Structures are given as structure tokens and as C-alpha cells.
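Quick notes on the structure that follows.
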Amino acid sequence: MRVVGDRLAAEGLSAVEEGVHFVAELDGPTTKLRTRVSRRTAVALATMSVVAAVASAAPSAATPVSDSPSVTRHAVTQAQNTESAATAPNLRVKAANGVTYQYRRFGNPVAGSVPLVFLQHYRGTLDNWDPKLIDTIAAKREVILVDNVGVGGSTGTTPSTIQQMSLDAIDFIDALKLPHYDLFGFSLGGQVAQEIALRRPWQVRRVVLAGTGPQGGVDQRASDPKVLASALADNPGPADFLFLFFKNTASSQTAGTEFLQRLGQRTTDHDAPASLQTRDAQLTAMHANSLS
């Protein structure tokens, strides 16, 4: 299991791109796990959906494919070699828990590989993944991006515990009938990924944890009023994102601006932004997880 930690908070999402090497070599053994994450990482890394502020097109309804995983898998197979983060269609699948999950699935699987499931940060949706990161990985892997319950285009109500979020993610994975898979968990998604790995060790092959920490980890609660103000804003914008994810240096702010511009590469079929209910439930879950 590989961990990308505090530097992610310092350098922003551009640092996640270094994790591509970890993802491409998920078989590489390691036993080290960081247990200390900065306060700023705990909430700042988990920011919000800002796509509406940087993309000209308004969010559109997801393109329904089918409630049948077999039909969905067939559609994905036809598009695996042509789609990218900017063009992959929004797919939907209904799970046993009654939730209809919105997701994107594309890439170029090679012999012996398994799908890589991405679990997103606080208030993040499908549209918040860096296209440069996702497309680099998708060149050699099949990738699956998903909105968990109540987030973005998925139905239901976002739960307020990491444990339930992990069970919800497992229901989605089961709906796709994935026998084995790798996980990439970013911030809040990293906490969920750890729970999934504990609950389904016979299915999870490798885990990449980016900008996250373990249950009850040191310094995972945010107390800086400025950080909280930006992270909890009802209508956050690019300035909030740059403050939370990137250092106040010319190079880091430039990297942040470039990242926001890449988010604008997707011009149609946007995901819905995370709701305020999702914001509050996810924050409650992260706070409880930090105390456990």
C-alpha cells in the first residue's frame, strides 16, 4: 500500500500526479503507513466542487445507460480505447441498496490488470479529478470514477460515517460485479478506501492512499478559521480552491490555475455539484473518524 501524504497539501493536486508511478506499479511491496497528517491536509485537501465556476456549460443530466451491469460493461468495452476524462460519458448502475450510482469507466486495461476504482475527496465529484492524472493512468489501466451515495449525480442521502460510506462503495462495486480491483483514495476517499480494504481483503489487490490518514490519526482535525471558512462556503469558487489546495507561492498558485483550467476541458455532460447535505454529512464523518 502506497501513501501520498502531507506534500499533497503543500503542493496541491499536481503532487498527486507523482502518484501515477505508484499506481502503475501497484505490485510494489511496502509496509510503511503514515499516521500523521497536517490539520490543513485533513480538511483542506478535501475541498469542493468548483467546476461550475470554471466551466462555461451548466451541469447537465447524466446519460442513463442501463440498470444492468452487463449492458453497462458492454458499452464501456466499446469506448475503452477512445474516451478520456474530458469525454467519458456519465454511466449509471442501480445497486442492491436501491441507490443509482453515477460513474465513469474507461481506459486501456492490459492483460493481468484489474480496474482501478477512484474514491473522491470532501465535496468532490466526478468532475473534480485532474484530467492529466486520470488520463495518464487510463493509458495503461481501466479506471472507474464514482460518486458515492448522495454525491453529485448519485441518488440517496450521503451518510455521516466513514463506515457507511465504505459499505455504500462496496454496494457499487458489487453492482459492477468486480471480482478484484485496486483502490485510489484521495483525502476522505482514502479513509473510505481503508475501510473497504478491511471489509473486502479477498477482493482488494492494492490500495493507493493520497493526502489522507488512518482512523484516529494525529492532527487530522482542522481548526484554522480561514480554512474552515473556505471549506464550508455554501458557494465556493476558484479562490477558495487555490487557497485550500495550493501554497501561497507563485509556482504553486500557477500550478493551481493550470489545474483549474484542465477541469474546464470537459465541456458537456457535467456532474452535478455536491449538495450542502453532502458537505455537512461528510464533514461530520471526517470529524468522527479523527476522534476514533
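Does Ser166 satisfy being in contact with a helix residue (DSSP H, G or I) (Cβ under 8 Å, 6 or more places away or on another chain), touching a residue at least 12 places away in the same chain (Cβ under 8 Å), assigned to a helix (DSSP H, G or I) and of a type in the set (S, T, N, Q)?
In short, yes.
Ser251: assigned to a helix (DSSP H, G or I), farther than 20 Å from Leu133 by Cα and of a type in the set (Ser, Thr, Tyr), yes or no?
When the stated conditions are applied, Ser251 does not pass them.
Of the conditions (1) at pLDDT 85 or above; (2) surrounded by 17 or more Cβ atoms within 10 Å (Cβ to Cβ), Gly217 satisfies every one except a single condition; which number is it?
In the conditions (1) at pLDDT 85 or above; (2) surrounded by 17 or more Cβ atoms within 10 Å (Cβ to Cβ), Gly217 misses (1) alone.
Just checking, how many residues over region 61-114 are under 22 Å from Arg262 (Cα atoms), at pLDDT below 90 and open to solvent by 50 Å² or more (accessible area, probe 1.4 Å)?
Residues meeting the conditions: 3.
When region 238-292 is examined, which residues are found to be among the hydrophobic types (A, V, I, L, M, F, W, C) and exposed (fewer than 14 other Cβ atoms within 10 Å of the Cβ)?
Ala239, Ala250, Leu276, Leu291
The values are calculated or read from the model by the stated rules, or taken from the named source; none is laboratory data. It should be emphasised that the depicted structure is a prediction, and the values quoted were computed from it without experimental measurement. Cβ sites come from the backbone with ideal geometry, for glycine too, and all protein chains shown count toward neighbours. These area figures cover heavy atoms from the full protein model, side chains too; ligands, DNA and RNA do not enter into them. Shrake-Rupley method; radii C 1.70, N 1.55, O 1.52, S 1.80 Å.
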